[in-house]
Amino acid sequence: MSSKEALEIALEKDLDLVLMSPNADPPVCKIINYGKFKFEQAKKLKEQRKAQKTIEIKEVQLSMTIEKHDIEVKAKHAQRFLSDGDKVKVSIRMKGRQQARPDLGIEVMNSFYEIVKDFGTIEKAPEVVGRNIFMFLAPIKAK
């Protein structure tokens, strides 16, 4: 029907004529209570935000001379973070003469990943940046 007829019907029923899809041929309109429509849209948007899970980046700091038990404790923390759905940033800060052997730090990172590989995957491989070595782990998606 023409927009003039639709507008007359909407005015008779004391409702609003709302353009739903302007790009369609012909354009699609609905006769609804616009205030109620906006309220329901806002309510849906609020529910979506509430249900949305924000992904945080948690950090686990290691050292190049870390002992086996200490790395297991740090791995347990990382496993908890990954199972909660957060990403984990694993970092090593090299001090003094350790900077001459970054390969040892990368070995520590790889042994750390071997412990937590059931909970997460490598998002960014171990990389030497100045005095630091960084690795990012992402949680495995639940099936």
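Read-outs: derived from the displayed coordinates by stated rules, not from any lab. What you see is a predicted model; the values in this text were computed from it and never measured. Every residue, glycine among them, receives a Cβ derived from its backbone with ideal geometry; neighbour counts consider all protein chains shown.
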If you keep only loop residues by DSSP, which GluC sites (Glu not before Pro) in the range 50-107 have at most 13 other Cβ atoms within 10 Å of their Cβ?
Glu56, Glu67
May I ask you to list the trypsin sites (Lys or Arg not before Pro) in the range 38-123 that are in a DSSP loop and have at most 15 other Cβ atoms within 10 Å of their Cβ?
Lys53, Lys95, Lys117
Per 0.36 nm of contour for each residue apart, how much would the distance between Asn23 and Leu11 grow if the chain were fully extended, relative to their Cα-Cα spacing?
1.9 nm
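Sum up the charges of everything whose Cβ sits under 14 Å from the Cβ of Met109, counting Lys and Arg as +1 and Asp and Glu as -1, but leave Met109 out.
Net charge in that neighbourhood comes out at 0.
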As a test of the formula, what do you get for the chain when each DSSP H run with n ≥ 4 contributes -39,500 (n - 2.57) and the sum is divided by the residue count, at 222 nm and rounded to the nearest 500 deg cm²/dmol?
-13500 deg cm²/dmol
When the dipole is taken about the Cα centre of the range 57-139, and only Lys, Arg (+1) and Asp, Glu (-1) are charged at their Cβ, what size is it in debye, to the nearest 20?
320 debye
What is the local net charge at Lys89, summed over the other residues whose Cβ is closer than 14 Å to its Cβ (Lys, Arg +1; Asp, Glu -1)?
0
Under a crude label model (7 Å from the Cα following the beta-carbon direction), how far is Ala125 from Ser111 in nanometres?
2.1 nm
From the cross-link list Lys43/Lys87; Lys89/Lys141; Lys44/Lys89; Lys53/Lys141, which pairs have alpha carbons spaced over 23 Å apart?
Lys43/Lys87; Lys44/Lys89
Sorted from largest to smallest, which semi-axis lengths in Å does the alpha carbon gyration tensor of the range 3-51 give for its equivalent ellipsoid, taking the root of 5 times each eigenvalue?
26, 15, 4
FRET efficiency for Asp103 and Lys141, Cβ-Cβ distance as r, R0 = 30 Å, nearest 0.05?
0.40
Rg to Rh quotient for the range 62-143, alpha carbon positions, Kirkwood Rh
0.98
Based on the Cβ-Cβ distance from Glu56 to Lys95, what FRET efficiency comes out when R0 is 35 Å, to the nearest 0.05?
0.80
Alpha-carbon spread of the chain, three principal axes, descending order, Å
84, 26, 26
Taking the Cα centroid of the range 72-143 and of the range 1-41, what is the distance between the two, rounded to the nearest whole Å?
56 Å
Quick one: which residues, 5 or more positions from Gly120 or on another chain, have an amide H under 5 Å from its amide H? H modelled 1.01 Å from N in the peptide plane, none for Pro or chain starts.
Ile140
